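Chemist: This is the structure I have questions about; it appears just below.
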Amino acid sequence: MIVRWRGSMESDTTHHAFQQFLKQRTVSLKTRKRNGSWVATPVNIVVDDDHAYFRTFGGSGKSKRLRNFAEVEIAPSTVQGRATGPYVSAYARLLTGDEARHAAALLSRKYPVIHGLLVPLVHRLKSQTTQHYRLAARRDD
C-alpha cells in the first residue's frame, strides 16, 4: 500500500531562492547607483546551498556600486545579459580569505576554462584584484 501526503511539505524540504539558478550559466545582476537607478550586467554564477557566488574585478562599476548598496537583483539571462525570467532580490557581500577561496573554487569547477584560467589570467595581467561576492536571498518580513 502506498500512502501519499497531500499537505504542505515546506517544513520537510528546503526551498532556496537560488534553486532556479543551479544550472544557469549567466544571470543579469542589477546593482543600484547613488542616484537610485539600477544597472544590469551579466555575470557567471554558481549556487552552493542557499547562497550564490560571482566574481568581478576590483575596478569594475558593479564593485563600486556594491560598496555603496548591498541590495541587488538577479534574473536568469542570456550571455549578453538580457533577462529571461523574473528578478530575485538579494544582498551581496564581499568575501575575503577562505570564503573567497571557496567561491573561486566553486566558480572554477563550474566554469573550468573561463573562471579556472581566463578570468584569473586577465585580472593578473591587468594588475586587478579579483573580488568574490556571496549573494544571500532577501527575505521579506
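Each reported figure results from applying straightforward, stated rules to the coordinates on display, with no laboratory input. Given the structure is predicted, the values throughout are model-derived calculations rather than measurements. Quick reminder, even Gly has a Cβ in these numbers, built from the backbone with ideal geometry, and neighbours come from all protein chains shown.
Chemist: Step through the residues of the stretch 30-38 one at a time and calculate ³J(HN,Hα) from phi using the Karplus curve (6.51 cos²θ - 1.76 cosθ + 1.60, θ = phi - 60°), rounding each to whole Hz and writing x for Gly and Pro.
Modeler: Calculated HN-Hα couplings, in order: 9, 10, 9, 8, 4, 7, x, 6, 10 Hz.
Chemist: How large are Rg and Dmax for the chain when calculated on the C-alpha trace, in angstrom?
Modeler: Final numbers for Rg and Dmax: 16.8, 66 Å.
Chemist: Which whole-Hz ³J(HN,Hα) couplings does the stretch 68-74 yield from phi under the Karplus relation 6.51 cos²θ - 1.76 cosθ + 1.60, θ = phi - 60°, glycine and proline marked x?
Modeler: 8, 9, 7, 6, 9, 9, 10
Chemist: A further question on this structure: May I ask you to list the chymotrypsin sites (Phe, Trp or Tyr not before Pro) in the stretch 10-105 that are in a DSSP loop and have at most 16 other Cβ atoms within 10 Å of their Cβ?
Modeler: PHE69
Chemist: Long-range amide H contacts for THR26: which residues qualify at under 5 Å (H placed 1.01 Å from N, peptide plane, sequence gap of 5 or more or a different chain)?
Modeler: SER77
Chemist: Can you count the Lys pairs in the chain with C-alpha separation below 21 Å, eight or more apart or on different chains? Walk me through the numbers on the way to the answer.
Modeler: Values: LYS23/LYS110; LYS30/LYS62; LYS30/LYS64; LYS33/LYS62; LYS33/LYS64; LYS62/LYS126; LYS64/LYS126.
Going through the chain pair by pair, I get 7.
Chemist: Also, quick follow-up: Which residues does the label zone of ARG67 cover in the stretch 22-44, counting backbone N under 14 Å from a point 7 Å along Cα→Cβ?
Modeler: Residues passing the 14 Å test: 34.
Chemist: Related question: Assuming R0 = 30 Å, what is the FRET efficiency of ARG139 and LEU94, from their Cβ-Cβ distance, to the nearest 0.05? Write out the running numbers ahead of the final one.
Modeler: Numbers: r = 21 Å, r/R0 = 0.68.
That pair, ARG139 with LEU94, gives E of 0.90.
Chemist: Which of these, LEU66, LEU121, LEU107, has the largest mean-square fluctuation under a Gaussian network model of the chain (Cα springs below 10 Å)?
Modeler: Of LEU66, LEU121, LEU107, the most mobile in the Gaussian network model is LEU121.
Chemist: Right, something else. Using the charge dipole of the stretch 69-141 (Lys, Arg: +1 at Cβ; Asp, Glu: -1 at Cβ; taken about the Cα centre), state which of LEU121, ALA100, GLY85 has its Cα farthest towards the positive end.
Modeler: Going by the Cα projections, it comes out as LEU121.
Chemist: Which ³J(HN,Hα) values in Hz, rounded to whole numbers, follow from the phi angles of the stretch 111-117 under the Karplus curve 6.51 cos²θ - 1.76 cosθ + 1.60, where θ = phi - 60° and Gly and Pro get x?
Modeler: 10, x, 7, 5, 9, x, 10
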